[in-house]
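The values are calculated or read from the model by the stated rules, or taken from the named source; none is laboratory data. Just so we're clear, the structure is a prediction, and the values are computed from it rather than from any experiment. So basically every Cβ, Gly included, is an ideal-geometry build from the backbone, and we count neighbours across all protein chains shown. The area values use the complete protein model at the heavy-atom level, side chains included, leaving out ligands, DNA and RNA. Shrake-Rupley method; radii C 1.70, N 1.55, O 1.52, S 1.80 Å.
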2 protein chains.
Amino acid sequence: MNADIPRILGIDPGLRVTGFGLIEMHGRQLVYVASGCIKSNDKASLPDRIKTLFEGISEVIATYRPNQAAVEKVFVNVNPQSTLLLGQARGAAISALVRAGLPVAEYTALQTKQAVVGHGKAAKEQVQDMVVRLLNLPGAPTADAADALACAIAHAHGGQGLGTMATAGYRVRGGRLIE
Amino acid sequence: MNADIPRILGIDPGLRVTGFGLIEMHGRQLVYVASGCIKSNDKASLPDRIKTLFEGISEVIATYRPNQAAVEKVFVNVNPQSTLLLGQARGAAISALVRAGLPVAEYTALQTKQAVVGHGKAAKEQVQDMVVRLLNLPGAPTADAADALACAIAHAHGGQGLGTMATAGYRVRGGRLIE
């Protein structure tokens, strides 16, 4: 890996499933590296689940050696206990990133959707579709991995929406893709 | 340090202030080791604050080499955003503990208060006072450090309340201290 090439690790944190996605910026072109998700056993104790997430993300970092990280800001849930659990998962994810010395940026779901779809009210499926198109993927990643990739894309765009970024196999102008 | 002697690190997690307290169990006697708190700058970014907490707890572990950990279960706050922040702080704290390979137990504030005061409705000052008496301290630790020590004491008691544990300089019978 060339240290001059930004390699961004995007994270969509969750206690049950944490999505991750890695992209590289080659000049103004985004290139897919890897994506997937880390699942914790909901029958395990909370410390054990935190351990699974922390170690899983640490392993992703050790394997793919990103030099930047972007984490989706999570929603407050209607259920306060769920909010508390989600917060703990996000704390574990950020801990793994900062422990590895990665600079960590944060993006709201709104910013992420604006970056990949062009507006903030996109449905999950639209995000998945656009991630596939923007990164020229052969198939659709899972929803969690797609959200993580979208967060990495938002970071590559400087959190500024589609703008004038080029992507693998496509060019973007005025928020529209042109082949 | 003798690895056979349980050395318990208690943690009272919080984003602004995380209290910590270490005690040793010498047979049935509890001995104070250290306590204090880790503060994060509320003007810093959330990832930077998570980093401060994670590294602070890691440093406490490296310095005092506990072999067990106990973390207070946190309350759901009336403010959902506060709940989310508190959750993230707790996730960072547990990450630092599991990363160090420590077994992590969890206790509610109710269990902690029962363990040190004998009932679950004790005020913060009562907890502080009883921690001072149970560990035979020369002065009162801060409220956050006292809560962390109380959590470690609850763990030493097996989360079972005062029971028949002896403490440094004191013996306990039927929930009352007897000198």
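If you check A:Gln68, A:Gln128, A:Gln88 for being buried (at least 18 other Cβ atoms within 10 Å of the Cβ), within 14 Å of another protein chain (Cβ to nearest Cβ) and under 23 Å from A:Met25 (Cβ atoms), only one passes: A:Gln68. Can you name the residue in the range B:60-98 that is in contact with a His (Cβ under 9 Å, 6 or more places away or on another chain) and small (Gly, Ala, Ser) and, of all such residues, is farthest from B:Gly120 (Cα to Cα)? Filtering the range B:60-98 for residues that are in contact with a His (Cβ under 9 Å, 6 or more places away or on another chain) and small (Gly, Ala, Ser), the one farthest from B:Gly120 (Cα to Cα) comes out as B:Ala69. State all residues of the range B:141-155 that are hydrophobic (A, V, I, L, M, F, W, C), crowded, with 24+ Cβ neighbours inside 10 Å and in contact with a helix residue (DSSP H, G or I) (Cβ under 9 Å, 6 or more places away or on another chain); if no residue qualifies, say none. Those that are hydrophobic (A, V, I, L, M, F, W, C), crowded, with 24+ Cβ neighbours inside 10 Å and in contact with a helix residue (DSSP H, G or I) (Cβ under 9 Å, 6 or more places away or on another chain): B:Ala146, B:Leu149, B:Ala150, B:Cys151, B:Ile153, B:Ala154.
Do you know which of the residues in the range A:47-65 that are within 13 Å of chain B (Cβ to nearest Cβ) and charged (D, E, K, R) is most open to solvent (accessible area, probe 1.4 Å)? The selected residue is A:Glu59. Candidates B:Gly158, B:Gly101: the one that is open to solvent by 10 Å² or more (accessible area, probe 1.4 Å) and at pLDDT below 95 is B:Gly158.
When the residues of the range A:25-46 are filtered to those that are away from chain B (no Cβ under 14 Å) and in contact with a Phe, Trp or Tyr (Cβ under 8 Å, 6 or more places away or on another chain), the one that is surrounded by the fewest Cβ atoms within 10 Å (Cβ to Cβ) is A:Ala34. Give the range B:91-124 a look and list any residue that's part of a helix (DSSP H, G or I), within 10 Å of another protein chain (Cβ to nearest Cβ) and in contact with a strand residue (DSSP E or B) (Cβ under 8 Å, 6 or more places away or on another chain), or say none. Within the range B:91-124, B:Ala93, B:Ile94, B:Leu97, B:Val98 meet the criteria.
Any chance the range B:71-89 includes a residue that's more than 29 Å from A:Ala70 (Cα to Cα) and either of a type in the set (Lys, Arg) or within 16 Å of the chain's Cα centre (by Cα) (or both)? Checked against the condition, which is being more than 29 Å from A:Ala70 (Cα to Cα) and either of a type in the set (Lys, Arg) or within 16 Å of the chain's Cα centre (by Cα) (or both), the range B:71-89 yields at least one hit.
Going residue by residue through the range B:132-140, is there one that turns out to be assigned to a loop (DSSP other than H, G, I, E, B) and surrounded by 23 or more Cβ atoms within 10 Å (Cβ to Cβ)? Yes, the conditions are met somewhere in the range B:132-140.
Per-residue answers, yes or no, for (1) assigned to a strand (DSSP E or B); (2) in contact (Cβ under 8 Å) with a residue 12 or more places away in the chain:
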position: A:Gly10; (1), (2): yes, yes
position: A:Gly14; (1), (2): no, yes
position: A:Val33; (1), (2): yes, yes
position: A:Asp42; (1), (2): no, yes
position: A:Thr83; (1), (2): no, no
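Among the residues examined, B:Leu110 does not qualify as of a type outside the set (Phe, Trp, Tyr) and crowded, with 16+ Cβ neighbours inside 10 Å.
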